Amino acid sequence: TSAACAVPSAAEAADLARAAQRAVAARRLDRPYTMLEVGAGIFALPAAEVCPTSLDRCATAETSLALGVRNFYRTGPFALGAGITWATTLGADSARGDPDLERDHSRRYFLVEALFRYAVYRDDEWEWWGGGSFGGIIVNDSWSVRADREPVDDVAFVGPRSTTVGTEGLTAGIAGGGEWSFATNLSAGVTLRYMNWFLPGNPGSSPTADVASLSGRVDTFELG
């Protein structure tokens, strides 16, 4: 077999170089530009009452792995944008039911938010900022048995292989962070954010009488 690789012409390479230079100049001269941010981090719910099996069997605190994508429009020290974040618990909880079924519970989060930032300090390499966020959140609780997780055959049935309860709410937060520009148009940074999640006070339930594990107001910290 053989493969052909497209090599940019001298004119195309020059156009790419000029585009990179324009992006750098826009940042240094406070001209408007756009910025794409991809991040990973940790969600911590240190005071949340998490009830994965029933309302009378709760535990305090929760930690999840979070992945996110955000897009910003920058002008001067201001940045406006939007982002999505997906997070999942680091482990599964055993759920009530016949022990022979080996029921497990897992939880995932999905956030869609509007974002605002203001750069309090900037130079050619470093930037420190503060900001806020507001949007919606979905908490997805799923319960499965061993036969769902390890099916005996490859037959695909219509619908999910688990029982699921979705809880929708609002989220609002404040954040701060900094970034270091280590290459042309590339930077790495850190973000610390505090959020309030506003979920329904009465948790939803599934046909199998399982209840949503989070309800009411939830304090959340994100380190990314």
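Taking 0.36 nm per residue of separation and subtracting the Cα-Cα distance, full extension of the segment from Y73 to R31 would add 14.0 nm.
Count charges around G135 for me, please; just the other residues with Cβ under 14 Å from its Cβ, Lys/Arg as +1, Asp/Glu as -1. Surrounding charge for G135 is -1. Rounded to the nearest Hz, the phi-derived 3J(HN,Hα) couplings of segment 126-143 under the Karplus curve 6.51 cos²θ - 1.76 cosθ + 1.60 (θ = phi - 60°) are 10, 8, 10, 9, x, x, x, 8, 8, x, x, 9, 10, 9, 10, 9, 10, 10, where x marks glycine and proline.
Our estimate of slack between A40 and T208, defined as 0.36 nm per intervening residue step minus the Cα-Cα distance, is 57.1 nm.
How do 176-189, 60-73, 131-144 rank on mean C-beta neighbours within 10 Å, highest first?
131-144, 60-73, 176-189
Taking θ as phi - 60° and the Karplus parameters 6.51, -1.76 and 1.60, the scalar couplings of segment 59-66 work out to 10, 9, 5, 7, 10, 9, 8, 10 Hz in sequence order, x denoting glycine and proline. With a 1.4 Å probe rolled over the protein heavy atoms of all chains, the accessible area of V165, V38 falls in the order V38, V165, largest first. On full extension, the segment bounded by T184 and D123 gains 20.5 nm, given 0.36 nm per residue less the C-alpha separation.
The values are calculated or read from the model by the stated rules, or taken from the named source; none is laboratory data. The structure presented is a predicted model; accordingly, all values stated were derived computationally and were not measured. Backbone-built Cβ (ideal geometry, glycine too); neighbour counts: all protein chains shown. For the accessible areas, the whole protein counts, side chains as well, though only heavy atoms, and no ligand, DNA or RNA atoms are used. Shrake-Rupley method; radii C 1.70, N 1.55, O 1.52, S 1.80 Å.
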